[in-house]
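Input: a single structure, listed below in structure tokens.
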Amino acid sequence: MRAVVTRVKNARVDIDGTTVGKTDGGFLVLLGVAPEDTQAQCDKLADKVCGLRIFEDENEKMNLNLAAAGGSLLV
């Protein structure tokens, strides 16, 4: 299992002109999953991605995770 995580201000996925997913701030995750990947690996990766502290706090230090920053995921 591999993930490429990008911090975004907004992102969306359109299929045939119809928006099927969007975020107004947070992470855009490009996820690759193989048949042999387990639920435990998925849970571990999800926790890792959501725990990344790459959002600025009130002191302009990158110290907030996705939930603390009020962001969302588009996977």
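The values are calculated or read from the model by the stated rules, or taken from the named source; none is laboratory data. Quick caveat: nothing in here was measured; it's all calculated off a predicted structure. All Cβ positions, even for glycine, are placed from backbone atoms using ideal geometry, and neighbour counts span all protein chains on display. The protein model used for the area step is the full one, side chains on, heavy atoms only, and it has no ligands, DNA or RNA in it. Shrake-Rupley method; radii C 1.70, N 1.55, O 1.52, S 1.80 Å.
Which whole-number value in Å² is the accessible area per residue of the chain, probe 1.4 Å?
That works out to 76 Å² per residue.
Residue by residue through segment 39-55, what is 3J(HN,Hα) from phi via Karplus (6.51 cos²θ - 1.76 cosθ + 1.60, θ = phi - 60°)? Round to whole Hz and write x for glycine and proline.
Each residue's phi maps through the Karplus curve to give 4, 4, 5, 4, 4, 5, 5, 4, 4, 5, 5, 5, x, 4, 9, 10, 10 Hz.
Would you work out the charge dipole size for the chain about its Cα centre, treating the Cβ of every Lys and Arg as +1 and the Cβ of every Asp and Glu as -1, and quote it to the nearest 20 debye?
Values: 9 positive and 11 negative charges, 24 e Å.
With only Lys, Arg, Asp and Glu charged at Cβ, the dipole is about 120 debye.
I'd like the carbon and sulfur percentage of the solvent accessible area for the chain, probe radius 1.4 Å, heavy atoms only, ligands and nucleic acids excluded.
Working: 2870 of 5670 Å².
In the chain, the share of accessible area belonging to carbon and sulfur is 51 percent.
HN-Hα J couplings of segment 12-28 from phi, Karplus 6.51/-1.76/1.60, θ = phi - 60°, integer Hz, Gly and Pro as x?
8, 10, 10, 10, 6, x, 10, 6, 10, x, 7, 9, 9, x, x, 10, 9
Between ASP16, ASP57, ASP43, where does the largest GNM mean-square fluctuation fall for the chain, given springs only between Cα atoms within less than 10 Å?
Comparing ASP16, ASP57, ASP43 in the GNM, the peak value goes to ASP16.
Which ³J(HN,Hα) values in Hz, rounded to whole numbers, follow from the phi angles of segment 58-75 under the Karplus curve 6.51 cos²θ - 1.76 cosθ + 1.60, where θ = phi - 60° and Gly and Pro get x?
After applying 6.51 cos²θ - 1.76 cosθ + 1.60, I find 5, 9, 6, 9, 6, 9, 10, 8, 4, 5, 5, 7, x, x, 9, 10, 10, 10 Hz.
For the chain, compute the number of Lys pairs whose alpha carbons are separated by less than 22 Å, excluding pairs fewer than 8 positions apart on the same chain.
Numbers: LYS9/LYS22; LYS9/LYS48; LYS9/LYS61; LYS22/LYS48; LYS48/LYS61.
Lysine pairs, 8 or more places apart or on different chains, close enough: 5.
Would you mind estimating how fast the chain diffuses translationally, via Stokes-Einstein at 25 °C and 0.890 mPa s with the Kirkwood radius over Cα pairs, in µm²/s? Each step should come with its number before you reach the end.
Working: Rh = 13.5 Å.
Value of D from the Cα-based Kirkwood radius: 182 µm²/s.
Which residue fluctuates most in the GNM of the chain (Cα springs below 10 Å): ALA11, ALA34, ALA46?
Checking each option, the largest mean-square fluctuation is seen for ALA34.
List the residues, sorted by chain then number, that are 5 or more residues from PHE55 or on another chain and whose placed amide H is less than 5 Å from its amide H.
Amide H neighbours of PHE55: ASN63, LEU64.
I want to check the label-to-label distance for CYS42 and ILE15. Put each point 7 Å from Cα in the C-beta direction and report it in nm to one decimal.
If labels sit at CYS42 and ILE15, their model points lie 1.7 nm apart.
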